[in-house]
Amino acid sequence: MLLEVRDLHVEFHTRDGVAKAVNGVDYSVNAGETLAVLGESGSGKSVTAQAVMGILDIPPGKITQGEILFQGQDLLKLKEEERRKIRGAKMAMVFQDALSSLNPVVSVGDQLGEMFQVHKGMSRKDSRAKAVELMDRVRIPAAKERVGQYPHQFSGGMRQRIMIAMALALEPELIIADEPTTALDVTVQAQVMDLLAELQRELNMGLILITHDLGVVADVADKIAVMYAGRIVERAPVHEIYKAPAHPYTKGLLESIPRLDQKGQELYAIKGLPPNLLAIPPGCAFNPRCPLARDRCRTDVPPLYDVTESPVKRASACHFWKECLHG
Amino acid sequence: MADLNDEAVAAALDAPVGRGEPILQVRNLKKHFPLTQGILFKKQVGAVKAVDGVSFDLYQGETLGIVGESGCGKSTVAKLLMNLERATAGEVFYKGQDITKLSGRALKAVRRNIQMVFQDPYTSLNPRMTVGDIIGEPFDIHSEVAPKGDRRRKVQELLDVVGLNPEYINRYPHQFSGGQRQRIGIARGLALNPEIIICDEPVSALDVSVQAQVINLMGKLQDEFNLSYVFIAHDLSIVRHISDRVGVMYLGKMAEIGTDEQIYEHPTHPYTQALLSAVPVPDPEARAHRERIILTGDVPSPANPPSGCSFRTRCWKAQEKCSQEAPVLAIPERFKGQDTPAAHFSACHFAEEKNVVPAH
């Protein structure tokens, strides 16, 4: 297993109290595999990724429990110095907003080249050549001429491709992409996702794709982890989850998106709002919004049940998953 | 600069049957932002053609969706319809009156009937005003709608209509979630009983589960108050869900316009086809047998659009003719007089039907 997150807990200490952002997350990715982490804002999907990358702000954040095993080694036990060697070289991240993630006063070539200077000790000249190579690889036209240009001189899609180039620079084994196409137009989104998938295949990388877009997930993921209030509520291979969700939250999400191929009447809407992380409801966090909720849901926190019925393994954190799966 | 196109205008005027009078008629609307050089003596060196000749009709009680990518001019169209930006050329007729020529009191009177809901519920509400003041502010401007003593009750009624607790009247925007704030924005838009609401990306900042709530609310309000919507968005699935007719914009021009079925199931413009094929479909089974049209390159600058058809630089069908002659938004010659859903307005010399949305 390339990466395994085990029972991860993250809290934020704020003026108003302790916000429990991640409450026991388990997931894993293999080389060449794509895991989509699906969730709405505040579900803890990005915080988990930041903990994996080791870029969580501590304080106010605090990892209170859990293990992050990367190639069998627990990253949480490493010194910051050792982690820095892994970050960038073995695992890299692509952020949502390329414009604010790139330094506006440093040329794109220097930003790409920095990777080689810092990690590989290359000279400025050699790293420049590497930068051009990378820009070619992510299909930026006239890379040689444009390597000295600044981020504002590129379009949104190109900037995101430069971010991908930067993440790929040292050929890492794991890429975490946090909403990589959310800020892009659909035609450009298709270009960027295609590029990411192709490079992943070529380098046999593990990819964690963090998103809220059920369409993008269906296009590229092998397996899915659905998060709600800092917990995984359902985990399954991509085909199973779309065919028959085993958690009422997943089911609600799938039913609430309008479809391109049909004109619906009224959309199904999950009632209520996502919970406040300072005061997560007792029992199942989804119970106040759940159509299946009954007394037990308000008191007992559901474990992640093994709901495997076919050869493919899947799990759901719902006491009444059978009802959801078959009803 | 493209000349006023008589055929396009005539075509757009061709009202679909059984809809009655259009409530809003937009004719060859243009907005060019000047590009200047020099500090003391500003000299105009060019223009960004944000909107460059757009025509359409809006009927009572219908929803017209406008889709397009960033920079295509859809939000500028929204501002022009409200006369928040002065049009460079063209007309917007509201019940026969050209609002682009109005100012002062006459404009104020018209704006009472055309209201707007904005994209970002976080920046479009004043953080220092209570919800009651925000929703009640339109009554200060149009005091004839609600006499002073009646306002509080009116505001509470509006809160109730959009599904918020009327007791929240004294709260501030930061005490609400994104979806609730968008409801406040909608309540403000409804305050003056308008006939038309222009919605500029009203749900794109919201989470999926909340988005559905707001879309359902908008549908309900439309039935209840017989509202007409101009619904501007980049999410094609949402636009299909809510719209009766859809217009597709590219680089300041309308590429194609028709009913939702005509556009989504029988698109004839290559840009519409590419756009639809690029939308990720939430169905992993469709992955294998999907034909995707991946466009190359980026959208050209509206300050320097290509000659002829503005889409030709990214189009796989482009030929000599496309660089010389700008296509007209009309029913394509080959479909004229035919009783087929492909016979709708499309601005392409080589319009051809192609279904790109996989059926389930």
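How about region A:1-52: which strands (runs of 3 or more DSSP E) wholly inside it have at least 3 residues that are modelled with pLDDT under 95 and small (Gly, Ala, Ser)?
Passing ranges, in order: A:17-29.
Of the residues B:Leu80, B:Leu107, B:Leu84, B:Leu102, only one is of a type in the set (A, V, I, L, M, F, W, C) and farther than 30 Å from B:Tyr250 by Cβ; which?
B:Leu107
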All positions within region B:66-109 that are of a type in the set (Ser, Thr, Tyr), more than 24 Å from B:Ile242 (Cα to Cα) and either in contact with an Asp or Glu (Cβ under 7 Å, 6 or more places away or on another chain) or outside the structural domain of B:Asp244 (by TED's automatic domain parsing) (or both): B:Thr100
Matching entry among B:Pro202, B:Pro121, B:Pro194 (being away from chain A (no Cβ under 14 Å) and of a type outside the set (D, E, K, R)): B:Pro194
Qualifying residue in region B:150-164 (condition: surrounded by fewer than 16 Cβ atoms within 10 Å (Cβ to Cβ) and either of a type in the set (Gly, Ala, Ser) or not in a helix (DSSP H, G or I) (or both)): no
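Quick grid of which residues meet (1) of a type in the set (Lys, Arg); (2) within 14 Å of chain B (Cβ to nearest Cβ); (3) closer than 25 Å to A:Ser41 by Cα; (4) in contact (Cβ under 8 Å) with a residue 60 or more places away in the chain:
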residue	(1), (2), (3), (4)
A:Ile164	no, no, yes, yes
A:Leu170	no, no, no, yes
A:Leu207	no, no, yes, yes
A:Ala218	no, yes, yes, no
Region A:244-287, subset in contact with a helix residue (DSSP H, G or I) (Cβ under 9 Å, 6 or more places away or on another chain) and away from every other protein chain (no Cβ under 13 Å), residue surrounded by the fewest Cβ atoms within 10 Å (Cβ to Cβ): A:Pro282
Residue satisfying condition, being surrounded by fewer than 17 Cβ atoms within 10 Å (Cβ to Cβ) and within 14 Å of chain A (Cβ to nearest Cβ), within set B:Glu261, B:Glu352: B:Glu261
Candidates B:Ile169, B:Ile135, filtered to the one that is within 25 Å of the chain's Cα centre (by Cα), outside the structural domain of B:Gln25 (by TED's automatic domain parsing) and either farther than 23 Å from B:Ile197 by Cα or in a helix (DSSP H, G or I) (or both): B:Ile135
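Could you tell me whether any residue of region B:174-181 is over 23 Å from B:Cys199 (Cα atoms) and away from chain A (no Cβ under 14 Å)?
No, region B:174-181 contains no residue that is over 23 Å from B:Cys199 (Cα atoms) and away from chain A (no Cβ under 14 Å).
I'm trying to understand the selection: among the residues of region A:114-132, which are over 19 Å from A:Gln160 (Cβ atoms) and either under 25 Å from the mean Cα position of the chain (by Cα) or outside any loop (DSSP other than H, G, I, E, B) (or both)?
A:Phe116, A:Gln117, A:Val118, A:His119, A:Lys120, A:Arg124, A:Lys125, A:Asp126, A:Ser127, A:Arg128, A:Ala129, A:Lys130
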Residues located in region A:222-243, provided they are away from every other protein chain (no Cβ under 13 Å), within 23 Å of A:Ala197 (Cβ to Cβ) and among the charged types (D, E, K, R): A:Arg235
Number of the exception - A:Asp97 against (1) at pLDDT below 90; (2) among the acidic types (Asp, Glu); (3) in contact with a Leu (Cβ under 9 Å, 6 or more places away or on another chain): (3)
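Check A:Leu203, A:Leu214 and return the single one that is within 11 Å of chain B (Cβ to nearest Cβ) and either surrounded by fewer than 22 Cβ atoms within 10 Å (Cβ to Cβ) or under 25 Å from A:Leu277 (Cβ atoms) (or both).
A:Leu214
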Contacts under 8 angstrom Cβ, first residue in region B:65-80 being more than 12 Å from chain A (Cβ to nearest Cβ) and within 20 Å of B:Thr259 (Cα to Cα), partner crowded, with 24+ Cβ neighbours inside 10 Å and of a type in the set (D, E, K, R), 6 or more apart: B:Ile66/B:Lys74
Single unsatisfied condition, B:Arg240 versus (1) away from every other protein chain (no Cβ under 11 Å); (2) charged (D, E, K, R); (3) surrounded by 24 or more Cβ atoms within 10 Å (Cβ to Cβ): (1)
Qualifying positions in region B:138-149 - part of a loop (DSSP other than H, G, I, E, B) and among the β-branched types (Val, Ile, Thr): B:Val145
Residue match in region A:290-302 (condition: at pLDDT 90 or above, among the hydroxyl-bearing types (Ser, Thr, Tyr) and within 25 Å of the chain's Cα centre (by Cα)): no
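The values are calculated or read from the model by the stated rules, or taken from the named source; none is laboratory data. A quick note: this is a predicted structure, and the numbers were derived from the prediction, not measured. Every residue, glycine as well, gets a Cβ built from its backbone with ideal geometry; the counts of neighbours run over all protein chains shown.
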